[in-house]
Amino acid sequence: MDELRENSASVIPLRVIANEKGDIRHALKASEATFHGFGEAYFTTILPNHTKGWKMHRRMHMNLVVIQGEVAFHVHNDKSGVTETFVLGTDAGIYGRLHVPPGLWMAFGGRDDEPSLVLNLASIEHDPDEAINVELATYPINEAD
């Protein structure tokens, strides 16, 4: 498990329980350090070779799980000037949950041949006044990551 660092995004490997009739995939437990309350759960799709973002939440902790496909999440920290890329998906080895605390910018892009599906287990309900959006060109993204 990646060390939980304040003001940094972190990937938490998730458990997959094999079942002959269909696997069981964990997402988030209230006992985990990255759980900061529950506001809402919602799904978003991302088309192949498209990128959504940049968005920064002032109060929301995002807990992002790729339910279908493969997605590159780009997280930019204004304080350090560093942009990190985390690739998650349903394939073995990249199934996990990305925790993005408030104050970090996030963009994400579809890396599969079909649309990908992402679940956000958000710490607060959607509030359009607590998030800031900027143009995609604002921060560099290395699509090769």
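Bear in mind that the values in this text are calculations on the coordinates, not laboratory data. Since the structure is predicted, the reported quantities are computational estimates derived from the model, not experimental observations. In this analysis, Cβ positions are derived from the backbone assuming ideal geometry, glycine residues included, and neighbour counts consider all displayed protein chains.
Per-residue packing, averaged as other Cβ atoms within 10 Å, sorts the ranges 112-119, 59-66 into the order 59-66, 112-119, beginning with the highest. Centre-to-centre, using Cα atoms only, region 21-69 and region 97-144 are separated by 9 Å. Semi-axes of the equivalent ellipsoid for region 10-138, computed as √(5λ) from the eigenvalues of its C-alpha gyration tensor and ordered from largest down, come to 23, 18, 13 Å. Straight-distance candidates among the lysines for linking to Lys29, with alpha-carbon spacing under 26 Å and chain neighbours fewer than 8 residues away dropped: Lys21, Lys55. Using a Gaussian network model of the chain in which every pair of alpha carbons under 10 angstrom is joined by a spring, one finds that among Arg111, Arg58, Arg97 the greatest mean-square fluctuation is at Arg58.
Peptides 74-85, 22-33 ordered by packing proxy, namely the average of other Cβ atoms within 10 Å per residue, highest first: 74-85, 22-33.
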